[in-house]
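Have a look at the structure below before the remarks.
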Ligand code: NAD
């Protein structure tokens, strides 16, 4: 069966087709997905433009009910949707179900936000004049999403866009279109007017570029790599569109001598190599003070070696495969760089054979790293974690902040003094204390600084900033 695009309320075939292959077992084809042509993207833009005022004109209660219905169905099917997600992306089933659950919760949260669009009423500086400031939808919004969170990221972009009365075009990553297709299928059975949600699957250079270049797309929210993000920013901002980018990370986790060692090692491992290290928020730079360094390094290697790598849908697997051959090659290339840079690979980084033909590798722990090493500075996006040493808290903070990225950061410590000082001094958008840097709540702002993010924050109430625009009205009662 061909999984089609959804344009103007109709399921339509594309100009070509692409197979979605299971990275745990390349003989398993998850499905075949229609690839939209640039003309079809333009049709979807036109449909969204026509439908948006209809959607915005519906009552907040109507929008809330539809979003709630979507969230409720996702939650009631979380095992099935989680399994689909794990099959196409390769994260283990528990994580797949967790992510599907997150998507359902996000829709239900924004269902309620549709009812809470607040404005301000204020007296004018001029006599007899009143001023009100209200939030209105931006209009038509393009959503471009990566492969590593195939349903959560589409949900946390789509739900606020819809809650605030926008129409959307969504372009999922070519490696993982299945989860978004399933989400749009759920939406297609609601009372949402045709054209409010359009699914346009296809490559970045065709569908992505057409979407970013269309002057009828008022705003684009993008999550993906720094290079693509820069391109999207140039295209969208260059024509006067609103743009929001969430990109890479190289998050530091400081481990102080006074940390609880068990908590620290758990944070260091679960925040880095789990999910095959394919999280933008992974704590890939572990910075230890001297008194705890050797203990942490030794236990990290022990724990990493014990992790079971296997088929994402096997109950015994703790880490699934890498998403594809290209990412696997990138991981091995960076491991070679680390070896040449003189760092010590304590374990992992081997190609693993399993009964199925998948992209399996063992998680790698690398010690004796310094912050100027290329593999420590650049995002790898694989199950590879580097450990560095710092003389004291001040040097640890300096190392933590000395990176082009600034998405999330963390500290493991038993001391309130260090915890509070780090929260103040960290140059990241999100800071964790005694927690891994990956793993965030859905009802609070998400985003980073420096090369990690551009534009206003996603998620929580902060999402209103991007998906609405302010209107200031003046009234003189005569
Ligand atoms: P990517 O940049 O290759 O692709 C992201 C999306 O952009 C895909 O849908 C892709 O098809 C599309 N795209 C590619 N070329 C395009 C073009 N010319 N015009 C418009 N769209 C285009 O990223 P990826 O490999 O899918 O994802 C991995 C990256 O995403 C990592 O760097 C990771 O850190 C980042 N990421 C960031 C966050 C965050 O919130 N900060 C979350 C998840 C992933």
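Can you give the FRET efficiency for residue 194 and residue 17, using 1/(1 + (r/R0)^6), R0 = 25 Å, r = Cβ-Cβ distance, to the nearest 0.05?
Values: r = 24 Å, r/R0 = 0.96.
The formula returns an efficiency of 0.55 here.
Placing dummy labels 7 Å off each Cα toward the beta-carbon, the span from residue 416 to residue 353 is 5.8 nm. Please find the FRET efficiency linking residue 79 to residue 318, where r is the Cβ-Cβ separation and R0 is fixed at 22 Å, and quote it to the nearest 0.05. Between residue 79 and residue 318 the formula returns 0.70. Using only Cα atoms and rounding to the nearest 10 degrees, what angle (0 to 90) does helix 60-76 make with the longest principal axis of the chain? Here the helix axis deviates by roughly 40 degrees. For region 252-433, the relative contact order works out to 29 percent when only alpha carbon pairs closer than 8 Å and six or more residues apart are counted. Centre-to-centre, using Cα atoms only, region 39-116 and region 390-462 are separated by 29 Å.
If you build the convex hull over the alpha carbons only and average its shadow over all orientations, what do you get for region 104-252? Give it in nm² to one decimal. Spelled out: convex hull of the Cα atoms, projected over all directions, averaged, 12.0 nm².
Given that compact globular proteins tend to follow 2.2 N^0.38 Å, what is the ratio of the alpha-carbon Rg of the chain to that value? Provide the component values of the computation, followed by the final result.
Numbers: Rg = 23.1 Å, N = 478, 2.2 N^0.38 = 22.9 Å.
Dividing the Cα Rg of the chain by 2.2 N^0.38 Å gives 1.01.
Relative to the longest principal axis of the Cα atoms of the chain, the long axis of helix 226-238 lies at roughly 20 degrees. Here the gap between residue 65 and residue 306, fully extended at 0.36 nm per residue and compared with their Cα-Cα distance, gives a gain of 82.1 nm. Helix 416-425 axis versus longest C-alpha principal axis of the chain: approximately 60°, rounded to the nearest ten. With 0.36 nm allotted per residue and the present C-alpha distance subtracted, the residue 424-residue 209 stretch has 73.5 nm of extension available. Between the C-alpha center of region 144-210 and that of region 228-280 there is a gap of 22 Å. Each of residue 118 and residue 398 was given a label point 7 Å from its Cα along the Cα-to-Cβ line. The distance between the two points is 4.3 nm. Considering helices alone, the calculated mean residue ellipticity of the chain at 222 nm is -12000 deg cm²/dmol, with DSSP H runs of length four and up weighted by -39500 (n - 2.57) and normalised per residue. Placing a label point 7 Å from the Cα of residue 239 along the Cα-to-Cβ direction, the residues of region 5-47 with a backbone N closer than 17 Å are 37-47. The modelled label-to-label distance for the pair residue 230/residue 39, using points 7 Å beyond Cα in the direction of Cβ, is 3.5 nm.
Restricting to the chain, what percent of DSSP beta bridges are antiparallel, rounded to 5?
On the way: 32 of 72 bridges.
The answer is about 45 percent antiparallel.
No value in this document is a laboratory result; all are computed from the given coordinates. For clarity, every value in this text was computed on a predicted model and none was experimentally measured. So basically every Cβ, Gly included, is an ideal-geometry build from the backbone, and we count neighbours across all protein chains shown.
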